[in-house]
Amino acid sequence: MRIRRTASDELPALQDIERAAGGPFRDLGMAAIADDEPPALELLDGYRRAGRAWVAVDEEDHPRAYLIAEPVDGALHIEQISVHPDAARQGVGRALLAYAADRAHEEGLTALTLTTFAEVPWNAPYYRRIGFRVLEEAELTPGLRKIRAAEAGHGLDRWPRVCMRRALSTA
């Protein structure tokens, strides 16, 4: 799959990907996550206009996965990464993260950060396998603390969550 910037007319497709990617959470007893509405078009468009919304597209140039991010305290924070289940387990998410890491490095940022569910197999355990580490409470930057507080306010702390970080290569 090829990765590129998201076009404005693709934003509804990102919402469709998000809805489809939420389905597997239902099997884990997390129906509230499965049924959660995707990011609003206006929010997605803000990331797109800032140059921080990327899609992985198939051979017909249709989005199959996306990533949105923003700089937070010297790192590129992955706000959302979602892969359509039909494209799962093909390295698409890993490729999107590598692409984001390259963009972050170009901007002089030092790491990728994200928040995720601690016990969902395709969340924290997956990120650990690809080089992210869980941050201890004392390691959280002010921006990450603010993000975690917002998540808690949205009820995401009904399930264990963690902040994770992966340093960028200096080579």
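The values are calculated or read from the model by the stated rules, or taken from the named source; none is laboratory data. Model, not experiment: these values are computed from the prediction. Note that each Cβ is placed from the backbone with ideal geometry, even for glycine, and that neighbours are counted across all protein chains shown. Heads up: the accessible areas ignore ligands, DNA and RNA and are worked out on the full protein's heavy atoms, side chains in. Shrake-Rupley method; radii C 1.70, N 1.55, O 1.52, S 1.80 Å.
State whether one or more residues within the range 113-133 are in a strand (DSSP E or B) and open to solvent by 60 Å² or more (accessible area, probe 1.4 Å). Yes; the residues of the range 113-133 include at least one that is in a strand (DSSP E or B) and open to solvent by 60 Å² or more (accessible area, probe 1.4 Å). Contact annotation: residue pairs with Cβ atoms under 9 Å, 6 or more positions apart or on different chains, pairing a residue in the range 127-147 that is of a type in the set (D, E, K, R) with a partner that is surrounded by 14 or more Cβ atoms within 10 Å (Cβ to Cβ) and part of a helix (DSSP H, G or I), are Arg133/Tyr127.
Here the condition is being open to solvent by 40 Å² or more (accessible area, probe 1.4 Å) and either basic (Lys, Arg) or closer than 27 Å to Gly108 by Cβ (or both); of Glu37, Glu79, it holds for Glu79 alone.
Residue check: Pro85 meets all listed conditions (1) within 24 Å of Pro12 (Cβ to Cβ); (2) surrounded by 20 or more Cβ atoms within 10 Å (Cβ to Cβ) but one, namely (2). Annotation note: Cβ proximity below 7 Å between a residue of the range 53-74 that is more than 19 Å from Arg94 (Cβ to Cβ) and outside any strand (DSSP E or B) and a residue that is open to solvent by 10 Å² or more (accessible area, probe 1.4 Å) and of a type in the set (A, V, I, L, M) (sequence gap 6+ or interchain) occurs for Gly74/Leu109. Residues in the range 29-50 that are out of contact with any helix residue (DSSP H, G or I) (no Cβ under 8 Å at 6 or more places or on another chain) and in contact (Cβ under 8 Å) with a residue 12 or more places away in the chain: Met30, Tyr47, Ala50. Yes or no: His105 touching a Ser or Thr at 6+ places or on another chain (Cβ under 9 Å), modelled with pLDDT of 95 or more and open to solvent by less than 60 Å² (accessible area, probe 1.4 Å)? Criteria not met by His105.
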